[in-house]
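See structure below.
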Amino acid sequence: MAELTADDVHLALVGETVDLIWVDFRLTLAFSNRSMVSFETPFRVGSVDGEIVPVDPEDKDSLLPALHLHTQTVSAAQIDGSTLRIDFASGTTLRAHADDHHESWHYSGPETPPVRAIALGGGELFISLPSGDRPGRAG
């Protein structure tokens, strides 16, 4: 069986809105279709005017740009290598890169069982698809 890649992952986010944001040791966005994206390491939020702001889930003072994502609608979403890219209809962008040592972001889709993608430490991508394909790592 062929190794799974980021191209095998359909992110069920386009057209969905951010309905809930919660913070513990990570920041999690819950979408209107029950998809979720969690961030455990710093990521970046870009504004319409081009300003790019780092957001660190462990630095509560940095969370405001991510909190502004509440009720925004996703216009595009993809995984490029181990980078998660989410664009919003407002023009806001979100980019989460892999971390050298820790899991950085997690995607869980609305399917049962859910499509899952996790950016592992070192840049590898863990993928689990509900279609019976085996879970796998993409490098």
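The values are calculated or read from the model by the stated rules, or taken from the named source; none is laboratory data. Quick caveat, the model's predicted, so the values are computed rather than measured. All Cβ positions, glycine included, derive from the backbone under ideal geometry; neighbour counts span all protein chains shown. SASA here: full protein model, heavy atoms, side chains in, ligands and nucleic acids out. Shrake-Rupley method; radii C 1.70, N 1.55, O 1.52, S 1.80 Å.
Measuring r between the beta carbons of Asp61 and Glu111 and using R0 = 30 Å, the FRET efficiency lands at 0.25.
Protein heavy-atom accessible surface, 1.4 Å probe, per residue over the chain: 51 Å².
Were the residues from Ser90 through His10 laid out at 0.36 nm apart, the gain over their Cα-Cα distance would be 26.6 nm.
How much FRET efficiency would the formula 1/(1 + (r/R0)^6) give for Thr17 and His102, where r is the Cβ-Cβ distance and R0 is 41 Å, rounded to 0.05?
Working: r = 29 Å, r/R0 = 0.70.
Computed FRET efficiency for Thr17 and His102 comes out at 0.90.
Two numbers describe the Cα atoms of the chain: Rg and Dmax, which are 14.2, 46 Å. Spin-label model, Arg34/Glu3: points 7 Å from Cα along the beta carbon direction are separated by 3.3 nm. Summarising the label geometry, the points placed 7 Å from Cα in the beta-carbon direction at Ile52 and Thr71 lie 2.9 nm from one another.
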